[in-house]
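Asker: Below you will find the structure I want to go over with you.
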Amino acid sequence: MSQDKCYLPQGANNEEVTLPITGLTHSAEGVGRLNGLAVFVPGAVPGDTVLARLEERKKSYARARLLEVLQEAPERRPAPCPHFSGCGGCRLQQVTYAEQLRLKKQLVQDSLARLGGLGDVPVHDVAGMDNPWHYRNKITLHAGWSGGRYVLGLFTEGSHDLIELYPLGVAEPAAGCLLVNKELNQVARTVQELLNKYAPTGTNDFFHRVILRKAVATGQIMVVLVTAGGAWAGESALVRDLLSRHPAVSSLLRHVPAPGFASGGGSYKLLAGKEYIEEELLGLYFRISPAAFFQVNPVQTAYLYQKALQYAALTGRETALDAYCGTGTIALLLARQAARVYGLEVVAQAVVDARQNALRNNTGNVRFMEGAVEKLLPRLAARGLRPHLIVLDPPRSGCGRPALQAVAAMQVPRLVYVSCDPGTLARDLAFLSQYAYRALEVQPVDMFPWTSHVECVVSLKRKHSP
């Protein structure tokens, strides 16, 4: 029976099957085949043979629940995190780190070949970390009510069931998140204690979330308490208590979201310190506001941006453009090696931060523009702007088609594409290939160890360009 005609009979749901696992999806689900039909099995990894129960079937695939690993892949090992089976954030903790890097390289290669028709593009080994633990400089913790007290934790994947990360009487490493900076875990435990100590009387839903960020190079820590509105008698006492225990907290804010929004809009109230923290990266300083985007892995971010600068190959005479520039990290790094740089960003506060970052670093040859890249880039192309280099660093959804068409219209000689999703990367590279752009090489970077995500930086050149 050919694969395109294979099917599972009606009533096959709940059937138990034995599957050899031969592949991995972008969300790190194992892939096996039943009569040629792809079956996705969360928790399984290539090399396993598993017993699974079929739970859902579609025309082109089926999904199954892992019941038992009958034969383990050689690279399988026990996940070190006690929350691994429920959290869902770290889908690759059950394999060795070396195997994780191999699997992520394969995901990038498969995406380029299958989705973009670019199987001949060289893909380097994934750049990993010497110590792939406690690397995150930011975490958002949800507040819940359990056992008559506030607890902080993470939602189980696909639900609002809270996994308590800092239970009373439990010390690290059993408490906290193994991906989060150790000092942030310590601050989180203290904040949880203080929420209960200074909570408004008679409430169990006043606190919604706690957002923690650390600037690793400077040591500065930001704490954002997301709460319901209204007066809070214990506010000042909590501030004094927290600062006395954690002097590194240099920015403490309270955020009341706008009505009808879970987290967006609303108002910020500065409780102590400044409204931002400041991070140093590759010799430049960057202001990080509460809602600003900044990469969460400082070690790998430095490597990623250095590779982007290498691919940019600037000599000091060029005009460069950073699309989706955020708070200006890449744009300001480019400005040290280019004659002039433009940065385009849709988030207004990020543009404010980018301009402040330019002033902080005495960088006068960069101009930041607020607006959607998909609108600004065609407008600049129509005005005759012809950069020598464009860096594309879009969100997970990839670049909008008008942005890529503007790049083609500008006939930019060299592109650098920074991607956090191999699927949309393959799609966009395939589109650019229709306009004489050739991907020269791809460097994957393990920005998020133990998760299913992989970052890539790609060097592209327009045909017949010098």
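Taken together, the values in this text are just the output of simple stated rules run on the coordinates, not laboratory data. Everything numeric here is computed off the predicted structure, so don't read it as measured data. Here the Cβ positions follow ideal geometry from the backbone for every residue, glycine too, while neighbour counts run over all protein chains shown.
Asker: Where does the chain land at 222 nm, in deg cm²/dmol rounded to the nearest 500, when only DSSP H runs of n ≥ 4 count, each adding -39500 (n - 2.57), divided by all residues? Walk me through the intermediate numbers first.
Answerer: On the way: 10 runs with 119 residues, N = 466.
Value at 222 nm, helices only, nearest 500: -8000 deg cm²/dmol.
Asker: Suppose every K and R has +1 on its Cβ and every D and E has -1 on its Cβ; what is the size of the dipole of the chain about the Cα centre, in Debye to the nearest 20? Display every interim value, and only then the final one.
Answerer: On the way: 49 positive and 40 negative charges, 288 e Å.
So the dipole magnitude of the chain works out to roughly 1380 debye.
Asker: Okay, moving on. For region 335-466, what does the alpha-carbon gyration tensor say about shape, rounded, prolate or oblate, given a ≥ b ≥ c as the root eigenvalues, a/c under 1.5 as rounded, and a/b over b/c as prolate? Walk me through the intermediate numbers first.
Answerer: Numbers: a/c = 1.56, a/b = 1.13, b/c = 1.38.
Oblate shape, in that a/c is at least 1.5 and b/c is the bigger or equal ratio.
Asker: Can you tell me how region 138-281 classifies by the Cα gyration tensor, rounded, prolate or oblate, using a/c under 1.5 as the rounded cut?
Answerer: Details: a/c = 1.32, a/b = 1.06, b/c = 1.25.
Taking the square roots of the gyration eigenvalues as a ≥ b ≥ c, region 138-281 is rounded.
Asker: Quick one: of Lys59/Lys104; Lys375/Lys461; Lys307/Lys375; Lys104/Lys182; Lys214/Lys307, which pairs are farther than 32 Å apart, Cα to Cα?
Answerer: On the way: Lys59/Lys104 27 Å; Lys375/Lys461 24 Å; Lys307/Lys375 28 Å; Lys104/Lys182 26 Å; Lys214/Lys307 24 Å.
From the list (Lys59/Lys104; Lys375/Lys461; Lys307/Lys375; Lys104/Lys182; Lys214/Lys307), the Cα-Cα distance tops 32 Å for no pair.
Asker: Per residue, how big is the convex hull around the C-alpha atoms of region 3-76? Give it to me in cubic angstrom, could you? If you can, show how the numbers build up before the last one.
Answerer: On the way: hull volume 5.7 nm³, N = 74.
Dividing the Cα hull volume of region 3-76 by its residues yields 77 Å³.
Asker: Work out how much length Tyr435 to Ala98 would gain on full extension: take 0.36 nm times their residue separation and subtract the Cα-Cα distance, in nm to one decimal.
Answerer: Details: separation 337, 0.36 × 337 = 121.32 nm, distance 3.72 nm.
Gain on extension, Tyr435 to Ala98, equals 117.6 nm.
Asker: Next up: Need the C-alpha centroid separation for region 329-369 versus region 429-462, integer Å.
Answerer: Cα centroid to Cα centroid, the span is 23 Å.
Asker: If all Cα-Cα distances of region 171-210 are sorted into 5 Å bins from 0 onward, what percent lands in each bin, rounded to whole numbers?
Answerer: 6, 21, 27, 18, 14, 11, 3
Asker: Around Asp125, with a cut-off of 11 angstrom between Cβ atoms, what is the net charge of the other residues, counting Lys and Arg +1 and Asp and Glu -1?
Answerer: Details: positive: Arg102, Lys104, Lys105; negative: Asp446.
Within the 11 Å Cβ shell, the charges total +2.
Asker: Let me ask something else. Residues in region 427-456, backbone N under 16 Å from the label point at Asn131 (7 Å along the Cα-to-beta-carbon vector): list them, ranges by number please.
Answerer: Inside the label zone: 449.
Asker: When the expected Rg is taken as 2.2 N^0.38 Å, what fraction or multiple of it is the alpha-carbon Rg of the chain?
Answerer: Normalised by 2.2 N^0.38 Å, the Cα Rg of the chain equals 1.06.
Asker: Here's something else I'd like to know. Using only the Cα atoms of region 390-456, build the gyration tensor, take square roots of its eigenvalues as a ≥ b ≥ c, and label the shape rounded, prolate or oblate: rounded if a/c is under 1.5, else prolate if a/b is larger than b/c, else oblate.
Answerer: Values: a/c = 2.36, a/b = 1.90, b/c = 1.25.
Taking the square roots of the gyration eigenvalues as a ≥ b ≥ c, region 390-456 is prolate.
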